[in-house]
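The values are calculated or read from the model by the stated rules, or taken from the named source; none is laboratory data. Source: prediction; values computed, not measured. In this analysis, Cβ positions are derived from the backbone assuming ideal geometry, glycine residues included, and neighbour counts consider all displayed protein chains.
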Amino acid sequence: MGKQKKPDLVTVNRKAHYDYQLGDELVAGMVLTGPEVRLIRDHHVQLKGSFVTIRNDELWLNNLTLGADTARNIKLLATRKQIASLAREKVAGSTIVPVKLLGGDRHIKLVIAVGKGKKKYDKRETIKKRDFERGRYA
């Protein structure tokens, strides 16, 4: 058997780090059709505005933008233990947020994280910290 190739980063949900205090991450598979796979591999995908819900003990990615289409709902693949853990976090008031989309040779994976929404002053603090690290306030 050959060496496994590290998955390539297709897209990142940069808004997630700004809007949420992110916690534990989970890598989930996706149920896709052929044209959807082609659009993702060609980087015609956007995670901005998408979110993850739990329906009938299944994970669903909602509002994924693929190409010119909008509001695509895609089933995510995870174990029952992982889904139960995410459901407990969701009941406690957290949100499940898509963070990154990975696409290697064969499989396309979605990295999701549990996050708590930030208040406006938390967002201002994030901007201040980021600017300080860039050296604007030196």
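Okay, here's what the table says:
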| item | result |
| --- | --- |
| Residue that is surrounded by the most Cβ atoms within 10 Å (Cβ to Cβ) [pool: residues in region 31-45 that are in a helix (DSSP H, G or I) and aliphatic (A, V, I, L, M)] | 40 |
| Any hit, region 20-35, residues being in contact with a Phe, Trp or Tyr (Cβ under 8 Å, 6 or more places away or on another chain), among the hydroxyl-bearing types (Ser, Thr, Tyr) and within 30 Å of residue 125 (Cβ to Cβ) | no |
| Candidate set: region 46-78, residues that are at pLDDT below 90, out of contact with any helix residue (DSSP H, G or I) (no Cβ under 9 Å at 6 or more places or on another chain) and part of a loop (DSSP other than H, G, I, E, B); chosen: the one nearest to residue 17 (Cα to Cα) | 50 |
| Which listed residue is closer than 12 Å to residue 54 by Cα and surrounded by fewer than 12 Cβ atoms within 10 Å (Cβ to Cβ), from 124, 88 | 88 |
| Extreme residue, surrounded by the fewest Cβ atoms within 10 Å (Cβ to Cβ), among residues of region 54-64 that are in contact (Cβ under 8 Å) with a residue 24 or more places away in the chain and over 14 Å from residue 30 (Cβ atoms) | 57 |
| Near pairs, Cβ below 6 angstrom, 6+ apart or cross-chain, from region 38-53 (under 30 Å from residue 88 (Cα atoms)) to any residue that is surrounded by fewer than 16 Cβ atoms within 10 Å (Cβ to Cβ) and among the charged types (D, E, K, R) | 48/15 |
| Restricting region 85-138 to residues that are assigned to a loop (DSSP other than H, G, I, E, B), in contact (Cβ under 8 Å) with a residue 60 or more places away in the chain and out of contact with any Pro (no Cβ under 7 Å at 6 or more places or on another chain), the residue that is farthest from residue 57 (Cα to Cα) | 105 |
| Within region 65-89, considering residues that are in contact with a strand residue (DSSP E or B) (Cβ under 8 Å, 6 or more places away or on another chain) and among the basic types (Lys, Arg), the one nearest to residue 30 (Cα to Cα) | 75 |
